[in-house]
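Visitor: Take a look at this one; I'll ask things after.
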Amino acid sequence: MKRIVPKLIKTLLNLISTLVFFLIIVVIAFYFYLSDGVEFNLDQSNKTLSSLTQRFEIDFDESSSVFFKSRDNDIDTYITLANPVIKKSGKILLEAENITLNTSLDFRKSLQLATQIILNNNTDLDLINPVIIKLKSPLLDISNVQGQDAFDSSGEKFFNVSIKAENGKMIDGEIDLGEFDFLLNIKQFSQKSILDSFKFRLKSSEKFPASYIAQFFPDVEKIGDSKETVSFDITLEDESVNNSEISQKLNGVIQIRNTTMRLKTFPVQLKPEAIRRLNLDLSIVDNIGQANLIGTVYNPKKSLGLQTKPNLQIGGTIDFAEITKPDLNLIVNGYDIYFAKLENTNLNGVTDLTVSIIGKNVLDLKGSLKIKKSSGFLVPLTDTEFEAKHVIRSLDEKK
């Protein structure tokens, strides 16, 4: 019995050695087979591939393919999806002329990864090399884009994915927003994709509606009539999305030409008047915007056709470190500005004014009024200086 056990062990070792040697020969042969490159068509009639495409809501043409080529210790892998359509909950999120995916497979890591899957039904995502995805002329509908949920990634294994898009077109439902490029760096976990950093550029379409901007500013009911358009070229980047510190950088130029701004509220108890023939130039460098706005404050007691000269100018800086909560440092100058009390428009007048607007959540307003005319008041208004505060949003509002 003592002799049988060593012989059995020796036989098993010989068998294992033979299998390993055979596997090495197969791997080496496969490596040299791929040295010139091998291409296969992606056929969705394959059950496994069909299941994956249905799970991730991806569709593509039959001309799509996968290409393998050995290089040093790696196998370069290229996947090309022709005319892909990506959906989210059944709604089209993105279309493109093609999507290419490029990564490399390390022999040793691939064998280790296969062993984990076969023996442990587990996948060490650290073994997967970075994946690069490129989108050619994509069409992106942001109305179907969902926000990123909070996710505790501590201790989780992941691999890196880089997605690059060029010459894309962005829409929001029926609204044409413009042309875009972006670079997204993503950490891909087993059940979740987390945006790590990004750089995004949007050049507005010729028909970008000025009123579309109003949704981002709670104190503005409407910017521009439905036919008014805005021109801009914006770049936004964040080198560490998940960093608690603000790392966003906004760069670009915004121009508004000959449009109308209607305010929903006003810092004091006065009736908001539309600013017509509004022209705005806003140049932004690393979050700091230099603003210059010129417009005409409408006087309802005069014919609109006679109010052609601008009587309002706003200039200064705007800090966009928090894009939806800009920090203002502006100076307002106006002459022959019509005003009326909110509760009784019979109490009205005309004034020249100078006002400083400083702040973010709460605006500090300081300035002077030179009253040129007042109507309906028991005591005629006189020139005055003033200080006031205007709450834009609650200080306790969650970020």
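What follows draws every value from the coordinates through simple rules; no lab data is involved. Model, not experiment: these values are computed from the prediction. For neighbour counting, all protein chains shown are included, and Cβ atoms are generated from backbone atoms with ideal geometry for every residue, glycine included.
Visitor: Straight-line reach from LYS325: which lysines have a Cα under 21 Å away, not including same-chain ones fewer than 8 places off?
Guide: Cross-link targets: LYS199, LYS222, LYS249, LYS264, LYS360, LYS366, LYS389, LYS398, LYS399.
Visitor: Could you compute the net charge surrounding LYS372? Neighbours are other residues with a C-beta less than 15 Å from the C-beta of LYS372; K and R count +1, D and E count -1.
Guide: Values: positive: LYS301, LYS302, LYS370, LYS373; negative: ASP336, ASP352, ASP383.
That works out to +1.
Visitor: Say a paramagnetic label sat at a point 7 Å from the Cα of SER375, along Cα to Cβ; which residues of region 268-291 have their backbone N under 18 Å from it?
Guide: 270-274, by backbone N distance to the label point.
Visitor: For region 187-218 and region 260-316, write down the distance between their C-alpha centroids in whole Å.
Guide: 27
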